[in-house]
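The structure appears right after this line, and notes come after that.
The values are calculated or read from the model by the stated rules, or taken from the named source; none is laboratory data. All values reported here derive from a predicted model rather than from experimental measurement. Cβ coordinates were reconstructed from backbone atoms using ideal geometry, including for glycine residues, and neighbour counts include every protein chain displayed. Just so you know, the surface numbers come from the protein's heavy atoms only, side chains and all, with ligands and any DNA or RNA stripped out. Shrake-Rupley method; radii C 1.70, N 1.55, O 1.52, S 1.80 Å.
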Amino acid sequence: MITLYLRCRLATSREAVEEFFARALPTYEAPGGITGRLQWSLDDPTCFVEVFDYGTRDLYEADQVRVSNDPAMRALLSEWHTHLDGPPIVEAFEDVTS
């Protein structure tokens, strides 16, 4: 499993981010084998993380192509960036536990 973390700082409101995420999640998860969730920092109310789990490395790699090339994804990401105060910190990790 691959887990992608998008660490972000809020530029709009928490409610706006939560509404956007709820609306975008079906598109994000559409290929199947991908689950997403939104987490807020307990220490800083302006920080949040979007977490996406990919069932396989192949799904992760295919989704990176989709993010780069699919017009619907590009439009969603453009809208997403309006909620961010600067670029996200993007980290991907491979789960090696059995």
* Subset of segment 11-42 [open to solvent by 30 Å² or more (accessible area, probe 1.4 Å), aliphatic (A, V, I, L, M), in contact with a strand residue (DSSP E or B) (Cβ under 8 Å, 6 or more places away or on another chain) and not in a helix (DSSP H, G or I)] -> Ala11, Leu38
* Structure fact -> Condition set open to solvent by 30 Å² or more (accessible area, probe 1.4 Å) and among the charged types (D, E, K, R), scope segment 43-54, selection farthest from Pro71 (Cα to Cα): answer is Asp43
* Asked: Mind checking which pairs have a first residue in segment 73-98 that is of a type in the set (D, E, K, R) and a second that is surrounded by 13 or more Cβ atoms within 10 Å (Cβ to Cβ) and not in a helix (DSSP H, G or I), Cβ under 6 Å, 6 or more apart or different chains?
  -> Asp85/Arg9; Asp85/Ala11; Glu91/Tyr5; Glu94/Ile2; Asp95/Met1
* Asked: Within segment 77-92, is even one residue in contact with a helix residue (DSSP H, G or I) (Cβ under 9 Å, 6 or more places away or on another chain) and among the acidic types (Asp, Glu)?
  -> yes
* To do: Residues being open to solvent by less than 90 Å² (accessible area, probe 1.4 Å) and under 16 Å from Ala30 (Cβ atoms): count how many of those fall in segment 69-79.
  => 6
* Out of all the residues in segment 3-39, which are more than 20 Å from Ser78 (Cα to Cα) and within 13 Å of the chain's Cα centre (by Cα)? -> Thr3, Ile34, Thr35, Gln39
* Asked: Can you name the residue in segment 43-82 that is of a type in the set (Asp, Glu) and assigned to a helix (DSSP H, G or I) and is also nearest to Phe21 (Cα to Cα) among such residues?
  -> Glu79
